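Structure first, then comments.
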């Protein structure tokens, strides 16, 4: 039974590693495709809205990396480590800013009012 | 090339299916067939089958038979930042869970409330962003052709049109 348990753990680790490798390869390919697009390069030179949009993936990556650094000490207890309050608050603020910019870009409330008045 | 792979996969399935029969016969004839031996055979069989299924799915993913290229794209092909962040957090928590199961003491890990809140924030952002896009498509009537800014892709500011009076 011990051999079977060790084999199962190794099998799980192999499958998860393979899945992560394939997924990372696909994501890198997607990101490279975005970067090749002219609009993306122009947007990176954009103003405040571009910065407010792009801060969200950066903040998400930072919080995810911070969480992963807290994982090795948690192996003794065997429970998932909690996310600190400042990370949650920062992430919520970042996503709110992103949603605000997205809503502004989509709905354009002032632009809609003006166009209705012109009709 | 596909036929070779299919033949190999079929052969492996046949071997895996015949293995427990052979082992049960071996234990029945030459050893005492106990419950422990049967559990060992059953566990090994399930482990091998799950591994083969996993490898087949991985092979299909790697060779684009299962397409996940649009995983973090909008249907129009633009980048979707909200999908990207949802993917980051989902995989971070899922992989942490698997890591603790493999490395940890072997019990089912407890999930703290903060982790659930984190996943909730992430999924809510994706949902609200998608809802905004749908509302925009309904109000502007351009569901088929989304307007500039209708995706969460960074969109540059529109350049002003040159005035024909001044260009003459």
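Cα gyration tensor of segment B:2-62, axes a ≥ b ≥ c as square roots of the eigenvalues: rounded (a/c below 1.5), prolate (a/b > b/c) or oblate?
Numbers: a/c = 6.83, a/b = 2.18, b/c = 3.14.
Here segment B:2-62 falls in the oblate category.
State whether segment B:1-140 is rounded, prolate or oblate according to the following rule on the C-alpha gyration tensor (a ≥ b ≥ c being the square roots of its eigenvalues): a/c under 1.5 gives rounded; otherwise a/b larger than b/c gives prolate, and the remaining case gives oblate.
Here segment B:1-140 falls in the oblate category.
7 Å from Cα along Cα→Cβ at both residue B:33 and residue B:57: what's the point-to-point distance in nm?
Computed distance between label sites residue B:33 and residue B:57 equals 3.3 nm.
Spin-label point model (7 Å from Cα, Cβ direction): what's the residue A:24 to residue B:108 distance in nm?
Result: 3.1 nm between the two label points.
Could you rank the peptides B:125-132, A:101-108, B:44-51, B:102-109 by their average count of other C-beta atoms within 10 Å per residue, with the highest value first?
Packing proxy ranking, top to bottom: A:101-108, B:125-132, B:44-51, B:102-109.
Tell me whether segment B:81-140 comes out rounded, prolate or oblate; compute the Cα gyration tensor, take square roots of the eigenvalues as a ≥ b ≥ c, and use a/c under 1.5 as the rounded threshold. Please list the in-between numbers first.
On the way: a/c = 5.22, a/b = 3.11, b/c = 1.68.
Prolate, because a/c is 1.5 or more and a/b exceeds b/c.
A short reminder: the numbers here are calculations on the coordinates, not readings from a lab. Here the structure is a predicted model, which is why all the values come from computation and not from measurement. Heads up, the Cβs are rebuilt from the backbone with ideal geometry, glycines too, and the neighbour counts pull from every protein chain shown.
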